[in-house]
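Participant: Here it is, the structure, as structure tokens.
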Amino acid sequence: MTAKAKTEAAGPLAGVRIVDLTQFVLGPYATQTMGDLGADVIKVEEPSGDRQRRSGKAPHSPTMGPMFVAFNRNKRSVALDLKEEPGRAALRELIKTADVFIHNMRPDSVARLGFAYAEVAKIKPDIVYVEAMGYDPAGPYAGRQAFDDLIQAASGACGMNALVEPDATFRPLPTIIADKTSGLFAVIATLSALRHHDRTGEGQYVCVPMLECFTGFLMAEHLYGETYIPPTGHFGHTTTITPYRRPLKTKDGHLSVAPADRTQSARFMALGGIPDAYESERFTSKASGAERVAEYHAMMDEAAARHTTVEWMALCAEHHIPAMRANTPEEIFDDPQLKETLFETRELEGEGPYRAMKPGLRFSKSPVSIRRDPPPIGRHTDEIMAEVGALKAAE
């Protein structure tokens, strides 16, 4: 990896420069993750900015919406019009200083601009070129448009709830999970290619196809009985798709309990006012295994309602029963662990205080941190163009 301008922190990727032409979620999530790890991420935007800048409402600026803020910390912003030659010339100068070039444009679109892999490799032969796309070019979907809903549809994600509830609506999971998962695969791919570069000095082209990466992630456990040919059982991991896999309702909230054995579950029920549950007549009188399973879960429900969530957290810790409070999405702000380790109030230029989520990884020798808040459009254009000697080219 080549020497770069002085960086502000010693994360494990300090000294790596990433030229980032990504938008929406997949690419920005990947490059933010690498920025958290210390990379110098240079976000190249069109003069009007990443389209996610206008998703949601900011206190003052129409281009600092919450979706943009969530995915673009630890980056510097350069505004270049790549439809015009001065902008393309400036980008070529910037590429000369980069270790990684990453984009999630459609292949024909990036080629029209003159930044397909072959052209970028002429500028920087040892570049790690990462291209995130919807579908593996070897398949019949090659070149089709891809968005999170489309990938969830093709991957089987829209039918996951029906594995638990047969009448469940056929719909995407309520999170942009295909994009974010594929973004993490893009991080893995980039780091692997950088490792290859460290060993050999070679750059390479890296393809990150969303459908293949996400489907493999989603279905790793759910092939299950369909793993062998012919099948040895049903589709779907039995433990994962049981309808009993759910938090229990406490006196004032919810608690997830995962007893490791019968001793722990019996202890939980005793603490909830049901002693000797497995020896009780209500359990032993059940004729079938399915009836006993149903009665067990009914007793767990009944026991859970005996105490508040906070009381259960203390009792389960004292009695070594694996359990955790189950938060609604809104309750995560009050979770004592997350308040201490994840959320941080910071000041965003021109907008005021905002809630940031700190990087979750911890390194003893090369700590990660939020070094830069999400930038306004083109905040660092002059600074970076001066660094690479291309100030006139960007004008």
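The values are calculated or read from the model by the stated rules, or taken from the named source; none is laboratory data. All values reported here derive from a predicted model rather than from experimental measurement. With ideal geometry, Cβ positions are generated from the backbone for all residues, glycine too; neighbour counts draw on all protein chains shown.
Participant: Can you name every residue in the range 143-160 that is surrounded by fewer than 21 Cβ atoms within 10 Å (Cβ to Cβ) and modelled with pLDDT of 95 or more?
Facilitator: Phe147, Asp149, Leu150, Ala153, Ala154, Gly156, Cys158, Gly159
Participant: Can you tell me how many residues in the range 199-220 are touching a residue at least 40 places away in the same chain (Cβ under 8 Å) and either buried (at least 20 other Cβ atoms within 10 Å of the Cβ) or not in a loop (DSSP other than H, G, I, E, B) (or both)?
Facilitator: 14
Participant: Could you tell me how many of the residues in the range 158-203 are among the charged types (D, E, K, R) and touching a Leu at 6+ places or on another chain (Cβ under 6 Å)?
Facilitator: The qualifying residues number 1.
Participant: Please go through the range 68-91 and give me each residue that is touching a residue at least 40 places away in the same chain (Cβ under 8 Å) and not hydrophobic (A, V, I, L, M, F, W, C), ordered by number.
Facilitator: Asn72, Arg73, Asn74, Lys75, Arg76, Ser77, Pro86, Gly87
Participant: Under 8 Å between Cβ atoms, which residue pairs at least 6 apart in sequence (or on different chains) link something in the range 175-198 that is assigned by TED's automatic domain parsing to the domain that holds Glu131 with a partner that is polar (S, T, N, Q) and buried (at least 20 other Cβ atoms within 10 Å of the Cβ)?
Facilitator: The qualifying pairs are Ile177/Gln152; Ala178/Gln152; Ala178/Ser155; Gly183/Thr33; Leu184/Thr33; Val187/Thr33.
Participant: Report every pair of residues separated by at least 6 positions or lying on different chains whose Cβ atoms are under 7 Å apart, first residue within the range 224-248 and touching a residue at least 24 places away in the same chain (Cβ under 8 Å), second among the aliphatic types (A, V, I, L, M) and not in a loop (DSSP other than H, G, I, E, B).
Facilitator: Taking only residues 6 or more apart or on different chains, the pairs are Gly236/Leu163; Ile241/Leu163; Pro247/Leu255; Leu248/Leu255; Leu248/Val257; Leu248/Met300; Leu248/Ala304.
Participant: Hey, does the range 67-80 have a residue that's modelled with pLDDT of 95 or more, in a loop (DSSP other than H, G, I, E, B), basic (Lys, Arg) and crowded, with 22+ Cβ neighbours inside 10 Å?
Facilitator: Checking the range 67-80: at least one residue is modelled with pLDDT of 95 or more, in a loop (DSSP other than H, G, I, E, B), basic (Lys, Arg) and crowded, with 22+ Cβ neighbours inside 10 Å.
Participant: Being part of a loop (DSSP other than H, G, I, E, B) and buried (at least 16 other Cβ atoms within 10 Å of the Cβ): is that true of Gly236 here?
Facilitator: In short, yes.
Participant: Under 15 Å from Phe101 (Cα atoms) and out of contact with any Cys (no Cβ under 8 Å at 6 or more places or on another chain): does that describe Leu223?
Facilitator: Spelling it out, it is not the case that Leu223 is under 15 Å from Phe101 (Cα atoms) and out of contact with any Cys (no Cβ under 8 Å at 6 or more places or on another chain).
Participant: Being within 19 Å of Ala39 (Cα to Cα) and not basic (Lys, Arg) is the filter; apply it to the range 69-92 and report the residue that is farthest from the chain's Cα centre (by Cα).
Facilitator: Leu91
Participant: Quick one: count up the residues across the range 113-122 that are part of a loop (DSSP other than H, G, I, E, B) and either free of Cβ contacts under 8 Å to residues at least 60 places away in the same chain or outside the structural domain of Ser369 (by TED's automatic domain parsing) (or both).
Facilitator: Count: 2.
Participant: Counting just the residues of the range 102-142 that are among the basic types (Lys, Arg) and more than 25 Å from Gln32 (Cα to Cα), which one comes out surrounded by the most Cβ atoms within 10 Å (Cβ to Cβ)?
Facilitator: Across the range 102-142, the extreme among qualifying residues is Arg112.
Participant: Next question, about the same structure. Please state which of the following conditions Gly273 fails to meet, knowing it meets all the rest: (1) on the phi > 0 side of the Ramachandran plot; (2) exposed (fewer than 11 other Cβ atoms within 10 Å of the Cβ).
Facilitator: For Gly273, the failing item is (2).
Each row is one residue, and each column tells you yes or no for (1) over 30 Å from Phe343 (Cα atoms); (2) outside the structural domain of Arg355 (by TED's automatic domain parsing); (3) in contact (Cβ under 8 Å) with a residue 60 or more places away in the chain.
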| residue | (1), (2), (3) |
| --- | --- |
| Val257 | no, yes, yes |
| Gln264 | yes, yes, no |
| Leu271 | yes, yes, no |
| Asp276 | yes, yes, no |
| Ala294 | yes, yes, no |
| Met300 | yes, yes, no |
| Met313 | no, yes, no |
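Participant: Next up: Could you list all residues from the range 152-182 that are out of contact with any Asp or Glu (no Cβ under 8 Å at 6 or more places or on another chain), under 19 Å from Gln52 (Cα atoms) and of a type in the set (Val, Ile, Thr)?
Facilitator: Matches in the range 152-182: Thr175, Thr181.
Participant: Mind checking which residues of the range 90-112 are farther than 23 Å from Met210 by Cα, hydrophobic (A, V, I, L, M, F, W, C) and either in a helix (DSSP H, G or I) or in contact with a helix residue (DSSP H, G or I) (Cβ under 8 Å, 6 or more places away or on another chain) (or both)?
Facilitator: Answer for the range 90-112, where residues must be farther than 23 Å from Met210 by Cα, hydrophobic (A, V, I, L, M, F, W, C) and either in a helix (DSSP H, G or I) or in contact with a helix residue (DSSP H, G or I) (Cβ under 8 Å, 6 or more places away or on another chain) (or both): Ala90, Leu91, Leu94, Ile95.
Participant: Further question on the same structure: Out of the helices (runs of 4 or more DSSP H) lying entirely within the range 256-355, which hold 3 or more residues that are under 31 Å from the mean Cα position of the chain (by Cα)?
Facilitator: Passing ranges, in order: 309-318, 336-341.
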